[in-house]
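A short worksheet on the structure shown next.
The values are calculated or read from the model by the stated rules, or taken from the named source; none is laboratory data. These figures come from a predicted structure and were not determined experimentally. Methodologically, a virtual Cβ is constructed for each residue, glycine included, from the backbone with ideal geometry; neighbour enumeration extends over all protein chains shown. The accessibility values were calculated without ligands, DNA or RNA, using every heavy atom of the protein model including side chains. Shrake-Rupley method; radii C 1.70, N 1.55, O 1.52, S 1.80 Å.
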Amino acid sequence: MFSMKQNCWFIRKVVIWRAVASIAWSVLLLPITTAVFVLLSRFSLFHPIQWISDCTNLLTASSTIFSLMVLCAVVLITGFFNLEFYTLVPSIPCSRVALLGTVLHPLQCVHSLVYSSMGMLVMWCASVIISGRYSTLGTPCMQNESGDVLTCLNEYHLFLLLAGAFMGYSHSFLGVVKNMYYVSFQPIQQYKYPQFKGCLPMLLKCSVIQSLYSTRNFAALYFFFGYVPRTWISSTLNLPIDSSLQPLDSLTGLLDFSLLYHLSISGTFLYFTWYLIVLIFRIYATEAYSFPVQSTFSEDAERCLPKVVGEKSTLVMKFLALQDLALLSQHSPSRRQEVFSLSQPGGHPHNWNAISGECLCLLRDLTQRLVAHQDAVASNGRVKSQSASSDTRSASSSSSVLSGMEDVPETPRPTVPLRTPGSVFKSSVGGMHSSLTAPFTPDVDSPFCSPAIRRLVGQQDPQSPWFGTVQSPHIMRRGPKLWSASTESQSNGSPPASPAISPSPPAANQKPSFLAQWLQNRKEQLPEASSQALFADSQAHIWALQGLSHLVAASFSEDQFGVVQTTLPSILSSLVVLLEAVDRHFKLPHASSKPARTVCSMGDSTYKTLRFALRAALKTAIYKITTTFGEHLNAVNISTEHRKRLQQFLEFKE
């Protein structure tokens with residue numbers, strides 16, 4: 001109970017208040033962006049004095065103030081959705097069917113509906129601010145010969161509202177496809193203001209480009225289907241269409257420079273407002289936090305680094321702790337001394353054991369995943385044969401890669417399942433899903449949830465290749481195959497799939513239907529996406545490598561009690577075994593291919609290169625240790641194979 005209260009307090013202080021601060025800054029910056037939008041919407045090159053005068057009057061008008069209040073409500077809702085949908089582990093669909101299922105997921109449909117509604121609200125505020133022919137949905141018109149003034153449908157206002165709904169859906173759709181809700185930690189820490197100022201040009205550029213794309217796409221869509229909403233709105237609201245005006249679903253109607261200009265700047269204002277909220281939230285969420293290494297009082301022990309670094313219920317706290325560990329190991333000699341210190345009374349290195357044990361556990365888990373992935377690829381995504389010969393081959397393959405992991409100390413694991421990335425705040429302050437447990441909580445029970453999220457939250461798919469122990473010879477295939485299986489594979493000696501998990505093959509004279517073949521092709525797994533999903537959470541492993549290697553290197557001169565030397569063989573063996581597994585992975589097809597550079601987007605694509613960053617961090621960590629200890633490593637009790645590999649680093653041949 002006490003620990004639960006401590007976690008609740010910690011989450012409120014570190015995370016919730018950061019989210020509240022980001023939303024508050026977004027609201028405070030909204031009048032500035034609105035004023036810039038007013039200046040651009042009333043821009044007049046040949047009448048500058050009248051332009052400034054009109055803008056000043058418009059900024060103080062009651063309609064503008066009311067629109068600003070509506071925009072503040074939109075910012076609050078957007079900030080809440082950011083807090084609800086953001087994740088530290090990206091969701092990477094490994095097949096086309098998985099991507100389609102993610103887009104059509106009921107929760108995503110609700111998200112798209114809400115953003116379409118907010119897009120219409122923002123465009124309504126923009127049309128009120130621009131005023132003129134865009135101000136209201138109904139406009140006076142002369143409709144009959146008697147000269148009666150009727151209220152007709154204002155298609156210009158309707159055009160902007162529909163464009164706002166289209167841009168809102170586009171923002172929601174691209175948020176899923178381009179992982180806009182993925183929060184990545186920057187490799188180089190900066191203060192909030194320089195980071196914000198440096199990102200503003202990119203933010204404006206992305207807003208303008210996305211607005212132009214949306215304007216083009218919506219204009220084309222309205223050209224073909226614009227008569228449908230116009231006729232429906234006209235009949236529903238009893239607003240006749242003014243036949244004296246040119247309809248906008250025609251070339252002459254759409255080739256209106258003023259209309260396209262106002263639509264473009266309104267779209268830029270909409271996207272800039274949303275992107276600004278995203279940017280500020282990312283800056284605040286990834287700000288470094290300094291945890292105390294040890295505390296004098298027992299009630300503060302749950303907030304110390306050795307405890308938080310092993311956190312299983314709140315992923316954001318675990319990431320912040322690992323980030324602090326990496327910074328501590330490089331830049332804080334006084335805090336390193338606390339890591340190497342002994343407990344009083346007793347004289348046990350509890351701090352070092354907890355930190356090194358958790359780091360080694362992370363590296364061991366990654367090694368096992370890589371080995372399981374390689375075994376699955378070797379069998380072409382099929383279930384391995386149940387024969388004794390297959391058992392022997394699988395056991396020898398696994399034991400050869402994990403031979404150095406036997407002496408790695410096991411960190412005591414909690415009895416509750418690991419719930420890190422999928423449910424960051426679940427089970428941390430209570431069993432139910434409260435407002436405090438809402439952020440960073442993707443639906444892990446969804447059939448379209450990322451495999452990386454299920455893997456870390458402890459909900460493993462029984463058909464996952466890493467279900468159970470890696471040493472099991474009966475590694476089961478994934479849902480979608482890793483690569484397309486050749487129809488001649490069985491004739492070439494590939495073992496057939498088990499009838500328990502695969503449908504029976506069709507008869508020899510019966511061909512699969514076109515629909516079945518089309519669905520099978522869409523289910524084929526994308527190789528590069530599979531590799532990206534395997535390393536989706538590797539930022540934690542990179543920090544673990546950095547923290548562990550710098551602490552080991554610093555212990556050469558700072559460890560007065562020799563606490564690090566007792567675990568040095570396990571650390572070296574773990575690093576070498578992981579390096580062998582990573583090297584084997586990069587020999588697979590598409591694993592070493594660099595991802596293509598994407599067009600300017602607010603979607604964070606750094607996860608696509610995490611496997612390269614992890615390989616570089618792993619080699620840097622080994623070099624850091626070998627260059628520090630030098631020939632003293634010959635006295636460390638490790639296997640001959642590992643010693644030969646470390647010798648390559650000592651001779652700078654890697």
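Beyond 22 Å in Cα-Cα separation lie the following of the pairs LYS594/LYS619; LYS205/LYS594; LYS13/LYS318; LYS13/LYS307; LYS13/LYS178: LYS205/LYS594; LYS13/LYS178.
As an equivalent ellipsoid, region 103-213 spans semi-axes of 40, 19, 10 angstrom, where each value is the square root of five times an eigenvalue of the C-alpha gyration tensor, largest first.
With N set to the number of residues, divide the alpha-carbon radius of gyration of region 273-322 by 2.2 N^0.38 Å and report two decimals. Could you put the intermediate results ahead of the total?
Working: Rg = 14.0 Å, N = 50, 2.2 N^0.38 = 9.7 Å.
Rounded to two decimals, the normalised Rg is 1.44.
Restricting the calculation to alpha carbons of region 254-366 gives Rg and Dmax of 23.0, 82 angstrom. The phi torsions of region 91-108, fed into the Karplus equation with coefficients 6.51, -1.76 and 1.60 and a -60° offset, translate into couplings of 8, 10, x, 8, 8, 5, 5, 5, 5, 5, x, 5, 5, 8, 4, x, 5, 5 Hz, rounded to whole numbers, with Gly and Pro shown as x.
To put it simply, the accessible area of region 74-158 at a 1.4 Å probe is 71 percent carbon and sulfur.
Under the simplified labelling scheme, the ALA220-LEU76 pair shows an inter-label distance of 3.9 nm, with each label point 7 Å from Cα along Cα→Cβ. Of the solvent-accessible surface of region 179-282, computed with a 1.4 Å probe and all protein chains present, 70% belongs to carbon and sulfur.
One equal scatterer on each Cα of region 90-160, no solvent, Debye formula: the resulting log10 I(q)/I(0) at q = 0.17, 0.23, 0.28 Å⁻¹ is -0.75, -0.95, -1.13. Computed from the Kirkwood radius of its Cα pairs, the Stokes-Einstein diffusion coefficient for region 158-235 at 20 °C and 1.002 mPa s stands at 141 µm²/s. Amide H contacts for GLY138 (H built 1.01 Å from N in the peptide plane; partners 5 or more residues away or on another chain; cut-off under 5 Å): ASN154. Remark: spin-label model distance ALA24-PHE586 equals 4.6 nm, labels positioned 7 Å along the Cα→Cβ axis.
Accessible surface computed residue by residue for region 166-299, with neighbouring protein chains in place and a 1.4 Å probe, gives 51 Å² per residue. Length available on full extension from GLN330 to ASP148: 0.36 nm per residue minus the Cα-Cα distance, which gives 57.4 nm.
Working note: Karplus 6.51/-1.76/1.60 with θ = phi - 60° gives region 284-300 the couplings 6, 5, 9, 5, 5, 10, 9, 8, x, 6, 8, 10, 6, 9, 5, 5, 9 Hz, where Gly and Pro are set to x.
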